[in-house]
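Right, one structure below, let's go through it.
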Amino acid sequence: MRNIYLSLLCVLIFAVPIQADEAGEVRDLLQGKIDIVLALLQDKELDKAHRNEQITDIVVPLFDYKAMARLSLGKKHWSTLSQEQQTMFSDLFIKRLQNSYLDKLDLFSDEKILYGEPLAKGKKVHMPTTLVSKDSRIEMLYKFYRSKKGWKIYDVEIGGVSVIQTYRSQFDEVLSEGTIDDLLEKLKTDGAFVIPAPDSQSSTD
């Protein structure tokens, strides 16, 4: 029995540094990428098209867009699609996510990013950040998992609202009354699905 307790103690002692190292790895990865993006946004000499191209090259490898597509539709609906429909849905969903991200870059002014402490969640890591401007603060939580190609984001919470859950709710509403073809057509329409703007907190609170 004593040996069992000692074994468990050793597992706990050596497990903590591994989680801490992984969490730190995620924080450094995200912070490094965001810092480069902010530097590009602050470079007024870059034309918009060239800037967006560089930012896309930096940001895209961070996300597992295909996983996000599956999660946004949910197992119930995803499993009913043909391979062709899955590919079409994924392509449209990924394009929507990337365009939405690039559109929001035009709103950038004087924002800064504050980084919280990464949280190990089993085999996943949640990385909290705060988007701070002159008169507001918006909490953002990046959710990572370790894929075969390294750490990838599979969801983002903005002001406590999950991007994946929000899209899933909207997709469920369409599919409850229509078909996957209806959903695919709506995905092609600008403004058909939106992520609600988060309630920002006053920086003077």
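Structure notes:
- Over 27 Å apart at the Cα level, from the set Lys33/Lys75; Lys66/Lys104; Lys33/Lys134; Lys76/Lys123, are Lys33/Lys75.
- 3J(HN,Hα) from dihedral phi, segment 91-102, Karplus parametrisation 6.51/-1.76/1.60, rounded to Hz, x for glycine, proline: 4, 5, 5, 4, 4, 5, 4, 5, 5, 5, 5, 5
- Whichever aspartates and glutamates have a C-alpha closer than 19 Å to that of Lys95, once near sequence neighbours (fewer than 8 apart) are set aside: Glu53, Asp57, Asp64, Glu84, Asp103, Asp106, Asp155, Asp181, Asp182, Glu185, Asp190
- Between the amide H of Phe63 and those of Ile153, distances stay under 5 Å, these residues lying 5 or more places away or on another chain, with hydrogens modeled in the peptide plane.
- Principal axis box of segment 89-142, alpha-carbon based, largest edge first, Å: 36, 34, 10
- Phi-based couplings in Hz for segment 132-146 (Karplus 6.51, -1.76, 1.60; Gly and Pro marked x): 10, 10, 4, 10, 7, 9, 10, 7, 10, 10, 9, 9, 10, 9, 8
- Working note: Karplus 6.51/-1.76/1.60 with θ = phi - 60° gives segment 65-80 the couplings 5, 5, 5, 5, 5, 4, 5, 5, 8, x, 4, 4, 8, 4, 5, 8 Hz, where Gly and Pro are set to x.
- Computed from Cα atoms alone, the Kirkwood hydrodynamic radius reported for segment 2-187 is 18.7 Å.
Just so you know, all these numbers are worked out from the coordinates, no wet-lab data involved. What you are looking at is a predicted structure, and each value in this text was computed from that prediction instead of being measured.
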